[in-house]
Every structure is written in C-alpha cells, then in structure tokens.
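S.K.: Take a look at this one; I'll ask things after.
The values are calculated or read from the model by the stated rules, or taken from the named source; none is laboratory data. Just so we're clear, the structure is a prediction, and the values are computed from it rather than from any experiment. Using ideal geometry, Cβ is built from the backbone for each residue, glycine included, and neighbour counts are taken over all protein chains shown.
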Amino acid sequence: MSDVDPRRAIPRTDVLLADPRLVAAGERLGSGAVRGAVSSALARARRGEIMPSEVLSEAVAALPGRASSLTPVLNGTGVVVHTNIGRAPLSAAALEAVVDAAGYVDVELDLRTGERGRRGAGAVAALREAVPEAEAALVVNNGAAALVLATTALASGREVVVSRGEMVEIGDGFRLPDLIASTGARLREVGTTNRTHLEDYLDAVGPDTGCILKVHPSNFRVDGFVASVGLEELRDARRPDGSVVPLVADIGSGLLTHDPVLPHEPDATTSLRAGATLVTASGDKLLGGPQAGLLLGRAEAVERLRRHPLARALRVDKLTLAALEATLRGPVTPVTSALHLTADDLRPRTDRLAAALGREVVAVVGRVGGGGAPGVPLPGWAVEVPVAVVARLRTPMEDVPVVLARVEDGRGLVDLRCVPPDRDVDVERAVRAALAATSGSSSP
C-alpha cells in the first residue's frame, strides 16, 4: 500500500485558473467569483471531501449561471404591470438602446462643439414629442421622486393643499402625508374622505399656499356618495394677491395620452389641457419603459425644478435615459400589447398549450397591476394546473425557465397574456417539468 498522501495530487491554483472554462467565466463573472469557486473546491479537496481530480469540475459547477443574482421569469400571472417582478418589461428597442449606452456615450456632451451638453436631451425631446401640450419636461429616478421634487421646489416651508380623499398609501407602506412632510412642506387637508368641493380648496388657499396637489387614487376606488373637483375647476385658483397657485397633478400610471381600454385612467395630455401646471408620473407602468419619474408641464415650473439642488440627487443614469427615449420613439411596448389583447386573441395560444399538456382551459380575468386602473378587467383564458405546480414553477430547475403563475379559487392558473408568443414553448416545457416533479405529491 502506498503511503503517498493523495492530497499531493491536488492541482495548483494557477493551473486551475488557466483552464479555458474558468478563463471564460472570469470574463463574464469577474476574477473574484472564479477565484472564490476555485478556493472553495481546493479547500474541499484538502479536507478529503472530494478527489483531487474533481476539483476543476467542482469549481466550474459552483460558478453562478448569470452575472446577476436576479432571476429572469416568465409572467404567467395575467397581471400586466407586476411590481414584484419589475413592473414593465422593456421593449426590444429599449434593450438595444441600453446595450448601446452601456459604454461611453454623449449623455452630457455636445459632439458638435465638444462642450458640455444638456443631460438627457434626447429623452426630454421624445417626451415633448409624445406630449406636445408640455412646454418642458424633466426625468428623475421614479414617480415618488418626481412628486417630492415638485412639492419641494414649489412649496417647501409653505402649504400643499390636497383633498382628504386623495391621501393615498402607495406600495410598501409609503404614505402621501409622510412623503410631503419629508419635503419641508405643510399638508393642508380639505374636504372629507368621500366628498370634496371647489369651495373647500378655495377657502384653504392663502398667501402661504405653495401649490394645490391632485393625486389620482390609482390603486383603489370609492363609489357611492362621492364628489371630487377636476383640474379645470382648479386651474385659476388664486392667492389673495392675485397670483395663480401652481396645480400639480400626480397621475401615477405614466399614461401619456388617452387609451380607450383604460377609460378612467388619467393621462398627461388631458391633464395638461385641463390646466395642470405640472404632471408627475412613472415611466415603468403604463408607459412601459424603465423606472423613471416624469415631470411635464409649463416651462417656467419645470426649469424651477431642474435648477433645484434636489434634482441633482434624483437624476437618472445614461441607461435609463437611453431606454426611456427608445420606449417613446420605438414600437408598441410589451405592456401596451398585453393590455390590448382580447380573450379571442388569447384563446388559440391557450388552447394549444392546454392540448400539449393535457390540461383544461378556464376563463379568467387579468389585471392592469402596478396600482393602475383597479376596476378595469382584462378578460382572457388560462391553463389550469394543480396548486403545487405553481410553487414548483417558480423554483429554479436546470435548463427550465422560471414561470410565475397564480392561485385563484383553489386552482393554479397559467395565463399567457404577458408571455411573448415566441416563449409559449418555454412555458410548456416549464409546466411539463413542474407537473412531472409534483406528480407524486399532487393529483393531476
């Protein structure tokens, strides 16, 4: 019997790092991740947990499949703007623009003169083309930031007049009163939860009024004995000295023009025509672009916001600007396409998927999501699967895409509304694998 310690056969670190597979992984994931995987495999070999000949394969297997920990998913929930999975998926044009902008770009440079240029001029120009009623536009990093900048610049140390029926709470417990208070402005609540009249606003306006704020209650509805005041009625509200009070309309959803599928959802064009001084909105909701806060309105007001010190802290990066411009100038976005699919459009695809899997087709109602148009149903169809399959679908499996489905009335549902048609085959593959994996623990 040989007395030679088998650990003497453990390969050297430099030999391992020179392997083509690890060299390629280093270019994709970075040298730190590769060295960490190699060190871990070597330590296991020295402890005798693996054979020296297995070190290289173990190091390769330990490397992550992607450079980011974020896991791509296929949205089979029927919820178009799904906050938990990143809201709006970018269009092909926006994806191309992001890749192009990932290197050095003229984000803040005038190539003709070689001098410093206006940051994000292309995205701002695209916004103004999409909403001609806007004299000027500004882009910040999200919708809440847009509202914070507007109220800070217009009303810090002064009053913001807002209806009690519009004192909303947005996602993750963030509330409008807290948001406004953080700007240094004082909230002046008027009216009641269900009824606010023009006189309530006018009685509250005084020399210390910074602005009037109208907030679209996008994630809930109040029906019955209700009353509210439109922008047209508030556009000429004046302080005692005769100066017009700025009117800020937070429409939330990012809809730029009227959409007949969403008849009661406010849009930027209509809001500006109605008299809003400024409109604030999100770019990653119904606009279907990247996360961004949009500010559109009168040139004087927008310039006041642009020059405010807070604007620097809230500005967006070159990737967002590129994606936003491409979204505005490009073809119909995935969000718009999904919203406009009818039940008749979805039935053939759903039938094919159900037939391939041997499952049933059921009628369902999709949702806009993202706090937008809560009362608007999106009729469609889904493939019914066991509830256990829903959990399995969102569990990463080798060579199988992650699919997010939903559970409703005790049934698992896979809805193709938000799935690109060319990915139906991937959904089929994932559901087939999930059905096989759960066949021993759930009924078919």
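S.K.: Name every residue in the stretch 320-356 that is over 30 Å from residue 98 (Cβ atoms) and surrounded by fewer than 18 Cβ atoms within 10 Å (Cβ to Cβ), in order of residue number. Reasoning before the result, please.
M.R.: First, pick out the residues of the stretch 320-356 that are over 30 Å from residue 98 (Cβ atoms): 342-344, 347-348, 350-356.
342, 343, 344, 347, 348, 351, 352, 355, 356 - these are the residues of the stretch 320-356 that are over 30 Å from residue 98 (Cβ atoms) and surrounded by fewer than 18 Cβ atoms within 10 Å (Cβ to Cβ).
S.K.: Can you tell me which residues in the stretch 18-31 are buried (at least 16 other Cβ atoms within 10 Å of the Cβ) and under 15 Å from residue 58 (Cβ atoms)? Before the answer, list the steps.
M.R.: Within the stretch 18-31, the subset buried (at least 16 other Cβ atoms within 10 Å of the Cβ) is 19, 22, 25-26, 29.
Result: 19, 22, 25.
S.K.: Of the conditions (1) small (Gly, Ala, Ser); (2) touching a helix residue (DSSP H, G or I) at 6+ places or on another chain (Cβ under 6 Å); (3) under 18 Å from residue 74 (Cα atoms), residue 338 clears all except one; give me its number.
M.R.: (2)
S.K.: Of everything in the stretch 210-243, what is free of Cβ contacts under 8 Å to residues at least 24 places away in the same chain and under 20 Å from residue 161 (Cβ atoms)? Give them in sequence order. Break it down into steps so the answer makes sense when it comes.
M.R.: Filtering the stretch 210-243 down to residues free of Cβ contacts under 8 Å to residues at least 24 places away in the same chain leaves 223, 242-243.
Answer for the stretch 210-243, where residues must be free of Cβ contacts under 8 Å to residues at least 24 places away in the same chain and under 20 Å from residue 161 (Cβ atoms): 242, 243.
S.K.: Just need a number here: residues in the stretch 388-444 that are touching a strand residue (DSSP E or B) at 6+ places or on another chain (Cβ under 8 Å), over 22 Å from residue 82 (Cβ atoms) and in contact (Cβ under 8 Å) with a residue 60 or more places away in the chain.
M.R.: Here the count works out to 1.
S.K.: Please verify whether the stretch 371-381 includes one or more residues that are crowded, with 24+ Cβ neighbours inside 10 Å and either assigned to a helix (DSSP H, G or I) or out of contact with any strand residue (DSSP E or B) (no Cβ under 8 Å at 6 or more places or on another chain) (or both).
M.R.: yes
S.K.: Which ones in the stretch 187-201 are assigned to a helix (DSSP H, G or I) and either over 21 Å from residue 151 (Cβ atoms) or of a type in the set (S, T, N, Q) (or both)? Spell out the reasoning first.
M.R.: Within the stretch 187-201, the first condition is being assigned to a helix (DSSP H, G or I), and the residues that meet it are 198-201.
198, 199, listed by residue number.
S.K.: Something else about it: Which of the residues belonging to the stretch 15-43 are modelled with pLDDT under 90 and acidic (Asp, Glu)?
M.R.: 27, the sole residue that qualifies.
S.K.: Taking residue 395 as meeting all but one of (1) surrounded by 17 or more Cβ atoms within 10 Å (Cβ to Cβ); (2) in a loop (DSSP other than H, G, I, E, B), write down the number of the exception.
M.R.: Of everything listed in (1) surrounded by 17 or more Cβ atoms within 10 Å (Cβ to Cβ); (2) in a loop (DSSP other than H, G, I, E, B), residue 395 misses just condition (1).
S.K.: Can you confirm whether residue 341 is under 19 Å from residue 123 (Cα atoms), among the hydrophobic types (A, V, I, L, M, F, W, C) and within 24 Å of the chain's Cα centre (by Cα)?
M.R.: Working: under 19 Å from residue 123 (Cα atoms): no; among the hydrophobic types (A, V, I, L, M, F, W, C): yes; within 24 Å of the chain's Cα centre (by Cα): yes.
Criteria not met by residue 341.
S.K.: Say we look at the stretch 267-296 and pick out the residues that are without any contact (Cβ under 8 Å) to a residue 60 or more places away in the chain and surrounded by fewer than 24 Cβ atoms within 10 Å (Cβ to Cβ); which of these is nearest to residue 140 (Cα to Cα)? Can you show your working first?
M.R.: Of the residues in the stretch 267-296, the ones without any contact (Cβ under 8 Å) to a residue 60 or more places away in the chain are 267, 270-271, 274-275.
From what's left, surrounded by fewer than 24 Cβ atoms within 10 Å (Cβ to Cβ): 267, 270, 274-275.
On the way: 267: 19, 270: 22, 274: 24, 275: 23 Å.
Per the criteria, the residue is 267.
S.K.: Give the number of residues within the stretch 269-316 that are part of a helix (DSSP H, G or I) and within 22 Å of residue 118 (Cα to Cα).
M.R.: Adding up the residues that qualify gives 13.
S.K.: So residue 118 ticks every box in (1) over 24 Å from the mean Cα position of the chain (by Cα); (2) at positive phi but one. Which box is left unticked?
M.R.: Status for residue 118: all satisfied but (2).
S.K.: Hey, another quick one. Identify, please: which residue in the stretch 32-87 is assigned to a loop (DSSP other than H, G, I, E, B) and either touching a helix residue (DSSP H, G or I) at 6+ places or on another chain (Cβ under 8 Å) or among the aliphatic types (A, V, I, L, M) (or both) and is, among those, surrounded by the most Cβ atoms within 10 Å (Cβ to Cβ)? It would help to see each step written out before you state the result.
M.R.: Taking the stretch 32-87 and keeping what is assigned to a loop (DSSP other than H, G, I, E, B), we get 47-51, 63-72, 76-78, 86.
If we keep only those that are either touching a helix residue (DSSP H, G or I) at 6+ places or on another chain (Cβ under 8 Å) or among the aliphatic types (A, V, I, L, M) (or both) too, we end up with 48, 50-51, 63-64, 67, 70, 76.
On the way: 48: 9, 50: 17, 51: 14, 63: 17, 64: 12, 67: 10, 70: 9, 76: 29.
Per the stated criteria, the residue is 76.
S.K.: Hey, does the stretch 408-417 have a residue that's at pLDDT 95 or above, within 23 Å of the chain's Cα centre (by Cα) and surrounded by fewer than 17 Cβ atoms within 10 Å (Cβ to Cβ)?
M.R.: no
S.K.: Given 175, 128, 188, 195, which one is of a type in the set (Lys, Arg) and more than 26 Å from residue 304 (Cα to Cα)?
M.R.: After ruling out the rest, the residue left standing is 195.
S.K.: Right, next: Given the conditions (1) in contact with a Gly (Cβ under 8 Å, 6 or more places away or on another chain); (2) of a type in the set (D, E, K, R); (3) under 25 Å from residue 401 (Cβ atoms); (4) surrounded by fewer than 17 Cβ atoms within 10 Å (Cβ to Cβ), which single one is not true for residue 7?
M.R.: (3)
S.K.: So, one more: Considering only residues that are touching a strand residue (DSSP E or B) at 6+ places or on another chain (Cβ under 6 Å) and part of a helix (DSSP H, G or I), which ones fall in the stretch 202-230?
M.R.: Answer for the stretch 202-230, where residues must be touching a strand residue (DSSP E or B) at 6+ places or on another chain (Cβ under 6 Å) and part of a helix (DSSP H, G or I): just 204.
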